[in-house]
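Asker: Have a look at the structure that comes next, please.
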Amino acid sequence: MPEQQVGRGPLPILGEKDTQVREENGQKYVDTLYHHIPSFSFWDQDSSVVTEHTFDGKIYIADFFFTSCPTICPVMTIQMHRLYEDLRDVNDVVLLSHSIDPQRDSVAHLKKYAAKTGSIDAQRWHFVTGDKDHIYEMAKAYFENAAASPDAPGGFIHSGYFYLVDKQKRIRGLYLGTDEKQVDRLMKDIRILRNE
Amino acid sequence: MNKKASGKSISIHFIWPVAALVLLLALRGLLGGSQAEVGGEIYQNYCASCHGEEGKGFGELVPPLAGADFLAQNQDKLPCIILYGIEGPIEVNGITYNQPMAGLGFDELGLARLSHSQIQQLINFIQNSWGNKGAEVSRQQVNDWLKECSKPSF
């Protein structure tokens, strides 16, 4: 039976739009500029450098977590792992988990965390760390409100969202990574996006 | 005349299944069925997202509750773990886990989320699910065991 998409049209392109006037052969065109994820550079659990180019030609799902988080992170990791399994035979969709606690979450620490999660292929699921300011700057590009907070469990606040990013590096959906049903919806939306 | 008689027989037929159901529910109540139900609901709401619907845990991040030797040997620590969480390396069925679990007893404002009676029902649910066969825990035991712990800093 052919797969049917019920109730959801094309995915929105999230974030502020801008316009830019371009001149070509004496003609003026107005281009729409969409919010997109800027350049970045981190290390993953295999000590490989991960940049925006790692995701060229790929859809990816990003989140922000930290390994010593006692509340929502294990749940996020469990739900990310569902995606990882769901995408086993898909080669153009990968996962990107940013640590927001780079001080504790070294590459070695992330490697250990990934191993505890299962035998994770770093090419399909990057756990990344890096310069603290750079991570928090990137978090803003995803509209993530990550911050150090001494009062919060584990010392940080963050939203628990999964961000769906298309091949043009535009954010196409937000899903609460602690809610199985929203992750089900994300799985459907990944299919919609791949068929665009 | 006829009509009346048949009406009566229908209502009599109708009574038996209802009576059986009532009896069944009463028996289940006596055997702790309703306790297990409340405990099961609480488990779904507060524990299943990490420990799994079947209590199997997750990888080497979250230990199992089904068939867990730690659980069987540390029954008296359960109320404290549920309320205040647990941190630091622990060994469950031969695997070392070292991933902090926040307590589930209080919300962001520090208000109690689980009553002692709910904790009791949750424990009895866990102790009697997925093949676990723990001893029935009483309210008094929960109260006593909770005197052993206080809220940790995280």
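Asker: Taking A:Glu144 and the conditions (1) among the charged types (D, E, K, R); (2) buried (at least 20 other Cβ atoms within 10 Å of the Cβ); (3) part of a helix (DSSP H, G or I), which numbered condition does it fall short on, given that it satisfies the others?
Answerer: All conditions are met except number (3).
Asker: Among (1) at pLDDT below 95; (2) touching a Phe, Trp or Tyr at 6+ places or on another chain (Cβ under 9 Å); (3) within 14 Å of chain B (Cβ to nearest Cβ), there is one condition A:Phe143 misses while meeting the rest; what is its number?
Answerer: Among (1) at pLDDT below 95; (2) touching a Phe, Trp or Tyr at 6+ places or on another chain (Cβ under 9 Å); (3) within 14 Å of chain B (Cβ to nearest Cβ), A:Phe143 violates only (3).
Asker: Kindly establish whether B:Ile126 is among the β-branched types (Val, Ile, Thr), surrounded by 21 or more Cβ atoms within 10 Å (Cβ to Cβ) and free of Cβ contacts under 8 Å to residues at least 60 places away in the same chain. So that I can check it myself, show each step before the final result.
Answerer: Values: among the β-branched types (Val, Ile, Thr): yes; surrounded by 21 or more Cβ atoms within 10 Å (Cβ to Cβ): yes; free of Cβ contacts under 8 Å to residues at least 60 places away in the same chain: no.
No.
Asker: Still on this structure, I have one more. Determine the pairs where a residue that is at the interface with chain A (Cβ under 10 Å from one of its Cβ atoms) and more than 19 Å from A:Asp179 (Cβ to Cβ), located within the range B:50-65, has a partner that is assigned to a helix (DSSP H, G or I) and among the small types (Gly, Ala, Ser) with Cβ atoms under 8 Å apart, the partner being 6 or more residues away or on another chain.
Answerer: B:Glu60/A:Ala115
Asker: Related question: Would you be able to say whether some residue in the range A:64-76 is out of contact with any Cys (no Cβ under 9 Å at 6 or more places or on another chain) and in a strand (DSSP E or B)? Steps first, please.
Answerer: Residues of the range A:64-76 out of contact with any Cys (no Cβ under 9 Å at 6 or more places or on another chain): A:64, A:68-73.
This time we only want the ones that are in a strand (DSSP E or B), so: A:64.
Among the residues of the range A:64-76, at least one is out of contact with any Cys (no Cβ under 9 Å at 6 or more places or on another chain) and in a strand (DSSP E or B), which makes the answer yes.
Asker: Would you please name the residue that is farthest from B:Gly52 (Cα to Cα), looking only at residues in the range A:68-88 that are at the interface with another protein chain (Cβ under 8 Å from one of its Cβ atoms) and β-branched (Val, Ile, Thr)?
Answerer: Result: A:Thr71.
Asker: Find all pairs meeting these conditions: Cβ atoms under 6 angstrom apart; at least six residues apart or on different chains; first residue within the range B:97-113 and touching a residue at least 40 places away in the same chain (Cβ under 8 Å) and at the interface with another protein chain (Cβ under 8 Å from one of its Cβ atoms); second residue polar (S, T, N, Q) and in a loop (DSSP other than H, G, I, E, B).
Answerer: Hits for this filter: B:Ala102/A:Thr71.
The values are calculated or read from the model by the stated rules, or taken from the named source; none is laboratory data. These figures come from a predicted structure and were not determined experimentally. A quick note on method: Cβ atoms are made from the backbone with ideal geometry, for glycine too, and the neighbour counts reach across all protein chains shown.
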